[in-house]
Structure formats: C-alpha cells, structure tokens
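Below is one structure, written out as structure tokens; comments come after it.
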Amino acid sequence: MERPPGDDKPFTHDDWRRLLRSLGEDPQRPGLLETPARVARAWEHWTSGYEQDPAEILKVFEDGAEQYNELIVVRNIPLYSHCEHHLAPFFGTATVGYIPNGRIVGLSKLTRLVDCFAKRLQVQERLTRQVADALMAHLQPTAVGVVVRCRHLCMESRGIRAIGEETVTSAMLGELLTNLAMRTEFLTLERPGNRG
C-alpha cells in the first residue's frame, strides 16, 4: 500500500494544541477543548485513502460482459480532497468511463476508486491520472476516460481569490486516446447538463 514518506506516527492531541497556540489561540478555551481530538479524527478520515488498495476495490465480473463493448460512464461522482501545497480543500466531481474487454466492475467501485485517491494529499492532475491508470491496470479495458472538475480553496480563499473558478483535468487511455469519435462520445456524455 502507498503511504506518505517520513514519520508514520500520527499527530498527537498535543501537536494540535501546539498548532492552536501558534495561531494565537488558547487550547484551554471551552470552545477549543475538544478540537484536537476532532481534528485528529477528521484528518484520519480525510487521508484514509492511503490505507486503501485500488486492486482490492476493483473486483471484476466476467459474467455478462463478454459481448458488451460500449462506453460505461459514471458521472457526477462527488470528490473531496486536500491539496498537498497548502493542505487546503478542493472539491468537485469526477466522471469515469471505460469500455470493457470481457470484464466489468461494479458501478459503485468507480466511486470508491475516486474516493480512494481523493483521500490523500493531492494535486488534481495526479489524482485524475491515478484513477485512469488504476482502471487500466486492474480492469484491462480497451479504453478509459476520466474528467475531474474542481474548485480549489487555495485559490478562492487566499492569493488571487478567484471565487467560483473551476479547474478541469482529463486523462484518456487506450482507444479514447486514439479514436476521435469515441473520445467525442465520452466528452459529450461527460458534459455537465447533458442527459445523454
């Protein structure tokens, strides 16, 4: 399993109290007494993707898929992550599609795969590619397409303060990379507001 480099020891409640003090707060103030424990639990959840193995998520089925050779697309998958540069949240949706090659995966597994990579410190570009590469490696379809649309609080709440801007990234593998008609079909199905 992939783990972040460095010390594997989790932050203690004392670490979070020191952070509060460094911000000019009093960790003993009634409203903050339980904050270190809450923050520890929150970050454990937000980074739980390091404990997940994409290969275990992508259990495949061979029954019933042998003749299916069209796009399977799940869109508007909710995505919540944290950027590795500022630890600020970014959030949005992902669309994941593939063309099976005799094997299919349960549709909820595509959502779980996105969640697995989102619950790590990330950049959107890498997250997009990780989802696509994992599908290609473990499912071995003829094509994979992933489009991620996110808003980044590191841009909206500081610096340029570009409120509401959406960053769009994509990864196309296999026939979606080389077949223009297939690529166009996937991008049409992916487009927000398009009901197919």
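Restricting attention to the range 61-93 and to residues that are touching a helix residue (DSSP H, G or I) at 6+ places or on another chain (Cβ under 6 Å) and β-branched (Val, Ile, Thr), the residue that is most open to solvent (accessible area, probe 1.4 Å) turns out to be 73. Taking the range 169-195 as the range and being touching a helix residue (DSSP H, G or I) at 6+ places or on another chain (Cβ under 6 Å), in contact (Cβ under 8 Å) with a residue 60 or more places away in the chain and open to solvent by 50 Å² or more (accessible area, probe 1.4 Å) as the test, only 175 passes.
On the stretch given as the range 65-93, residues that are closer than 19 Å to residue 169 by Cα and either among the hydrophobic types (A, V, I, L, M, F, W, C) or not in a loop (DSSP other than H, G, I, E, B) (or both) total 17. Restricting the range 48-60 to residues that are in a loop (DSSP other than H, G, I, E, B) and crowded, with 16+ Cβ neighbours inside 10 Å leaves a set whose member that is nearest to the chain's Cα centre (by Cα) is 52. Within the range 95-121, the set of residues being of a type in the set (A, V, I, L, M) and touching a Pro at 6+ places or on another chain (Cβ under 8 Å) comprises 99, 113, 121. Against the test of being farther than 16 Å from residue 79 by Cβ, modelled with pLDDT of 95 or more, part of a helix (DSSP H, G or I) and not acidic (Asp, Glu), the options 173, 187, 177 yield a single qualifying residue, 187. Suppose we filter the range 140-168 for residues that are open to solvent by less than 20 Å² (accessible area, probe 1.4 Å) and touching a residue at least 24 places away in the same chain (Cβ under 8 Å); how many remain? Of the residues in that region, 8 qualify. Count of the range 122-148 residues, restricted to those that are within 23 Å of residue 81 (Cα to Cα), in contact with a helix residue (DSSP H, G or I) (Cβ under 9 Å, 6 or more places away or on another chain) and not in a helix (DSSP H, G or I), is 6. Can you find a residue in the range 94-107 that is in contact with a strand residue (DSSP E or B) (Cβ under 9 Å, 6 or more places away or on another chain), surrounded by fewer than 18 Cβ atoms within 10 Å (Cβ to Cβ), in a strand (DSSP E or B) and touching a residue at least 24 places away in the same chain (Cβ under 8 Å)? No, every residue in the range 94-107 fails to be in contact with a strand residue (DSSP E or B) (Cβ under 9 Å, 6 or more places away or on another chain), surrounded by fewer than 18 Cβ atoms within 10 Å (Cβ to Cβ), in a strand (DSSP E or B) and touching a residue at least 24 places away in the same chain (Cβ under 8 Å). In the set (1) open to solvent by less than 100 Å² (accessible area, probe 1.4 Å); (2) in a strand (DSSP E or B), the condition left unmet by residue 31 is number (2).
The values are calculated or read from the model by the stated rules, or taken from the named source; none is laboratory data. Computed from a predicted structure; not experimentally measured. Every residue, glycine among them, receives a Cβ derived from its backbone with ideal geometry; neighbour counts consider all protein chains shown. The area values use the complete protein model at the heavy-atom level, side chains included, leaving out ligands, DNA and RNA. Shrake-Rupley method; radii C 1.70, N 1.55, O 1.52, S 1.80 Å.
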